[in-house]
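The values are calculated or read from the model by the stated rules, or taken from the named source; none is laboratory data. Fair warning: this is a prediction, and the values are worked out from it, not measured in the lab. Cβ placement follows ideal geometry from the backbone for every residue including glycine, while neighbour counts extend to all protein chains displayed.
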Amino acid sequence: MKKATRHYEEWPIEESKQFLNMYLDGVKTTDQGKLCSNIANELGRTINAIKLRVKEVNRILTGEHDFPEITPNMSAAVDQILIERNISANRMGLLF
């Protein structure tokens, strides 16, 4: 199985925000597996990397910071998206 072209690159905050917006825009109308595949293709990442980010966002929103590590860019992106989209952490947690 071939790695995505950007498999080992760190996620910048802009890409993290793009991921969050794409996920929130599609989660209500698209199967999660298909949605993760679409986002992976769009961002040049693996499906597993996208699924890991979904779990990371869930941990950020629930306050569970044990393992694996929470990245600072994703944490900052979640805070910004909560403000920009005027959505509560509880509501966003239900979607993730």
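Considering the conditions (1) in contact with a Phe, Trp or Tyr (Cβ under 7 Å, 6 or more places away or on another chain); (2) at pLDDT below 95; (3) farther than 14 Å from residue 96 by Cα, residue 57 is excluded by exactly one of them, (3). Tallying residues that are more than 16 Å from residue 14 (Cα to Cα) and acidic (Asp, Glu) within segment 31-57 yields 2.
Within the span defined as segment 33-41, every residue fails to be at pLDDT below 95, out of contact with any helix residue (DSSP H, G or I) (no Cβ under 6 Å at 6 or more places or on another chain) and charged (D, E, K, R).
If a residue counts only when it is exposed (fewer than 12 other Cβ atoms within 10 Å of the Cβ) and without any contact (Cβ under 8 Å) to a residue 12 or more places away in the chain, which helices (runs of 4 or more DSSP H) contained entirely in segment 13-96 have at least 1 such residues? I'd like the intermediate steps shown before the answer.
Numbers: elements: 13-26, 32-43, 47-62, 72-84, 89-95.
Filter on segment 13-96 gives 13-26, 32-43, 72-84, 89-95.
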